[in-house]
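Remarks on the structure that follows.
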Amino acid sequence: MKNIKPIILLMLISGCSNKNIINDTTLPMLTNDELCIAMGKYNKESNVILKLHAEIMKREKDMDFERCHVLESSNTTKDDNFSVQPIVTPPKIEHIYDEKEKKYKIKETGPGIKLKIIR
């Protein structure tokens, strides 16, 4: 060990450390609130979310799911690269000419609901 330079030792240690503290060993030790916060924190890592969800379902009787949802939502990393704009069109009454019957008919169109994704 005396011959190993400190930089190489640091690289070895940092390479072996796990950035993700959520694993099968630490999962049962987390409190209910910590589980819910982790659901928000790791929301983009599907393998971690599945483990967290499984642990939450094991504790189903002891979980306050409303509190959990609030904790998860407040710790979720948001993707600010896009926004969603709802577009609602009210119902319209249109007069449409019918060629076969040679008269105007009243046709109601709408209401319509669309989402516009803005990037």
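Among the numbered conditions (1) open to solvent by 100 Å² or more (accessible area, probe 1.4 Å); (2) in contact with a Gly (Cβ under 7 Å, 6 or more places away or on another chain); (3) modelled with pLDDT of 90 or more, the only one that Lys92 does not meet is (3). In segment 42-89, which residues are within 30 Å of Glu108 (Cβ to Cβ) and surrounded by 10 or more Cβ atoms within 10 Å (Cβ to Cβ)? If the condition is that a residue be within 30 Å of Glu108 (Cβ to Cβ) and surrounded by 10 or more Cβ atoms within 10 Å (Cβ to Cβ), then Thr89 is the only one that fits. Every condition in (1) in contact with a helix residue (DSSP H, G or I) (Cβ under 9 Å, 6 or more places away or on another chain); (2) under 30 Å from Ile117 (Cα atoms); (3) modelled with pLDDT of 90 or more holds for Ser73 except the one numbered (3). If you go through segment 95-119 and keep only what is open to solvent by less than 100 Å² (accessible area, probe 1.4 Å) and modelled with pLDDT under 85, you end up with Thr109, Gly110, Pro111, Gly112, Ile118.
Restricting segment 1-41 to residues that are part of a loop (DSSP other than H, G, I, E, B) and at pLDDT 90 or above, the residue that is most open to solvent (accessible area, probe 1.4 Å) is Thr31.
The values are calculated or read from the model by the stated rules, or taken from the named source; none is laboratory data. Owing to the predicted nature of the structure, the values given are computational and were not obtained by experimental measurement. For neighbour counting, all protein chains shown are included, and Cβ atoms are generated from backbone atoms with ideal geometry for every residue, glycine included. Each accessible area value is taken on the protein alone, full model and side chains, heavy atoms only, with ligands, DNA and RNA left out. Shrake-Rupley method; radii C 1.70, N 1.55, O 1.52, S 1.80 Å.
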